[in-house]
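The values are calculated or read from the model by the stated rules, or taken from the named source; none is laboratory data. Just so it is clear, the structure is predicted and the values come from calculations on it, not from any experiment. Neighbour counts are summed over all protein chains in view; Cβ atoms, including those assigned to glycine, are modelled from backbone coordinates with ideal geometry. Accessible surface is based on the protein model in full, side chains and every heavy atom, while ligands, DNA and RNA are left aside. Shrake-Rupley method; radii C 1.70, N 1.55, O 1.52, S 1.80 Å.
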Amino acid sequence: MGEIVGAGLLAHVPTIVLPEETRKELNEGREISLVTGLRRLRDEVFETLDHDTVVVLDSHWATTVEFVVAAHGRRAGLFTSEELPRGMCRMPYDYPGDPELAHSIAEFAGRHGTWITPIDDPYLPVHYATINLWKYLGEGLGGGLPEKKWVSIGVCQTGDTEDHLRLGRALADGIAALPDRKVLLLASGALSHTFWPLRQLRDHESSEPSHIRTPQARAADERRIAWLERGEHAEVLRTMPEFLTHKPEARFGHYLMMIGALGEEQCSAPGRAYSDYENSVGTGQTHLWFDRPATGWTGTDKQSEVSRV
């Protein structure tokens with residue numbers, strides 16, 4: 001039976017792929033901890049933890065009438081961001097996908113009352129919420145033998161909290177249905193996500209959290225980080241209506257899909273910080289990693305018990 005062997009709530013901001021000199025210029029001469037955190041995460045987790053596939057829950061990939069899973073055998077090309085082509089320009093990427101897993105996830109859509117379609121169209125766009133993390137955590141990993149598979153799943157812009165949890169339940173079942181598959185989940189996205197207006201933005205490029213768009217958003221983020229570090233996922237879920245007033249990225253769909261796969265309020269895995277809490281032009285960013293507890297994500301040591309109808 002396949003299993004989820006680790007999971008993370010990770011930031012993907014464009015700053016992390018800018019040249020070091022530029023990063024420090026924007027951050028008052030200091031390196032941003034999001035960069036050093038990803039390097040440490042690669043060394044301590046991705047280089048050491050046995051895994052076959054990485055599933056990126058991509059907050060930048062917004063679908064409308066269904067969830068979509070990338071089902072390509074391989075994805076390769078050059079990535080230029082339409083959002084910030086000056087900084088993310090012709091970035092090469094080349095990694096294998098996991099079509100078997102993509103189709104397995106989709107098979108459980110009906111069981112969980114949702115709609116999931118695997119797509120392998122070679123012209124399907126990729127997004128920097130996937131590519132930026134792959135650059136740090138996947139590119140050249142282990143010398144490329146065996147290559148780790150990477151799969152992206154988009155958020156659904158018409159979906160609410162329950163819809164994204166349902167996707168997570170189907171994701172857990174799709175993984176469990178494949179013998180011996182070991183999977184890492186990456187919830188790629190921010191906490192609060194309101195930018196400074198353009199004419200003010202350049203006064204707030206430092207990573208110092210005093211530049212978060214509002215004190216209320218900062219406080220909401222910091223409460224959730226504290227809960228996540230203690231493994232209090234139930235509290236994060238209970239207070240989702242309040243958090244939505246602070247406009248988390250993609251309505252926090254990336255996290256909701258992840259925790260839906262890990263058991264929702266039954267999951268008590270504590271998060272390990274791999275960065276400080278940082279600002280990115282008004283938005284709240286952090287890296288938190290969740291190790292799989294010895295007794296399983298829900299304390300049952302049975303991956304199949306994670307999801308529910």
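Going residue by residue through the stretch 225-240, is there one that turns out to be open to solvent by 10 Å² or more (accessible area, probe 1.4 Å), among the β-branched types (Val, Ile, Thr) and under 29 Å from ILE116 (Cβ atoms)?
yes
For the stretch 263-276, enumerate the residues that are over 23 Å from GLU44 (Cα atoms), under 18 Å from the mean Cα position of the chain (by Cα) and either aliphatic (A, V, I, L, M) or part of a helix (DSSP H, G or I) (or both).
Within the stretch 263-276, GLU264 is the sole residue that qualifies.
Here are the criteria: (1) under 26 Å from THR15 (Cβ atoms); (2) open to solvent by less than 10 Å² (accessible area, probe 1.4 Å); (3) assigned to a strand (DSSP E or B). Tell me which single one VAL183 does not satisfy.
Of (1) under 26 Å from THR15 (Cβ atoms); (2) open to solvent by less than 10 Å² (accessible area, probe 1.4 Å); (3) assigned to a strand (DSSP E or B), only one is false for VAL183: (1).
For the stretch 280-292, enumerate the residues that are open to solvent by 10 Å² or more (accessible area, probe 1.4 Å) and within 13 Å of HIS193 (Cα to Cα).
SER280, VAL281
I want to confirm something. Restricting to the stretch 201-217 and keeping residues that are open to solvent by less than 80 Å² (accessible area, probe 1.4 Å) and among the polar types (S, T, N, Q), which single residue is farthest from LEU288 (Cα to Cα)?
Looking at the filtered set, the residue picked out is THR214.
Could you grab me the full set of residues in the stretch 186-223 that are free of Cβ contacts under 8 Å to residues at least 12 places away in the same chain and not in a helix (DSSP H, G or I)?
Residues satisfying the conditions are PRO197, ARG202, ASP203.
Kindly indicate whether GLY231 is under 16 Å from GLY6 (Cα atoms) and at pLDDT 95 or above.
Yes, satisfied.
Collect the residues in the stretch 142-170 that are part of a helix (DSSP H, G or I), touching a residue at least 24 places away in the same chain (Cβ under 8 Å) and either open to solvent by less than 10 Å² (accessible area, probe 1.4 Å) or of a type in the set (D, E, K, R) (or both), keeping them in residue-number order.
ASP163, HIS164, ARG166, LEU167, GLY168, ARG169, ALA170
Report, ordered by the first and then the second residue, all pairs with beta carbons closer than 9 Å, sequence separation of six or more or different chains, a first member in the stretch 240-266 that is under 20 Å from ASP58 (Cβ atoms) and of a type in the set (Val, Ile, Thr), and a second member that is part of a helix (DSSP H, G or I) and open to solvent by 10 Å² or more (accessible area, probe 1.4 Å).
Partner pairs satisfying both residue conditions: ILE259/LEU165; ILE259/LEU237; ILE259/GLU265.
For the stretch 179-203, enumerate the residues that are farther than 30 Å from ILE4 by Cα and not β-branched (Val, Ile, Thr).
Of everything in the stretch 179-203, those that are farther than 30 Å from ILE4 by Cα and not β-branched (Val, Ile, Thr) turn out to be PHE195, TRP196, PRO197, LEU198, ARG199, GLN200, LEU201, ARG202, ASP203.
Just one of the numbered conditions (1) small (Gly, Ala, Ser); (2) touching a Gly at 6+ places or on another chain (Cβ under 7 Å); (3) open to solvent by 30 Å² or more (accessible area, probe 1.4 Å) is not true of ALA190; which one?
Among (1) small (Gly, Ala, Ser); (2) touching a Gly at 6+ places or on another chain (Cβ under 7 Å); (3) open to solvent by 30 Å² or more (accessible area, probe 1.4 Å), ALA190 violates only (3).
Among the candidates GLY260, GLY231, GLY284, which residue alone is part of a strand (DSSP E or B) and small (Gly, Ala, Ser)? Give the steps one after another, and end with the answer.
Numbers: GLY260 fails: part of a strand (DSSP E or B); GLY231 fails: part of a strand (DSSP E or B).
From the options GLY260, GLY231, GLY284, the qualifying one is GLY284.
Which of the following residues is open to solvent by 10 Å² or more (accessible area, probe 1.4 Å) and farther than 19 Å from ALA62 by Cα: ALA269, ALA273?
Working: ALA269 fails: open to solvent by 10 Å² or more (accessible area, probe 1.4 Å).
Answer to the selection: ALA273.
ALA220 - would you say it is more than 18 Å from the chain's Cα centre (by Cα), closer than 23 Å to GLY8 by Cβ and open to solvent by less than 10 Å² (accessible area, probe 1.4 Å)?
yes
Considering only residues of the stretch 110-124 that are assigned to a loop (DSSP other than H, G, I, E, B) and of a type outside the set (A, V, I, L, M, F, W, C), which is most open to solvent (accessible area, probe 1.4 Å)?
The residue in question is TYR123.
Looking at (1) of a type outside the set (Ser, Thr, Tyr); (2) at positive phi; (3) touching a Gly at 6+ places or on another chain (Cβ under 6 Å), which one does PHE108 not meet, given that it meets all the others?
Failing condition for PHE108: (2).
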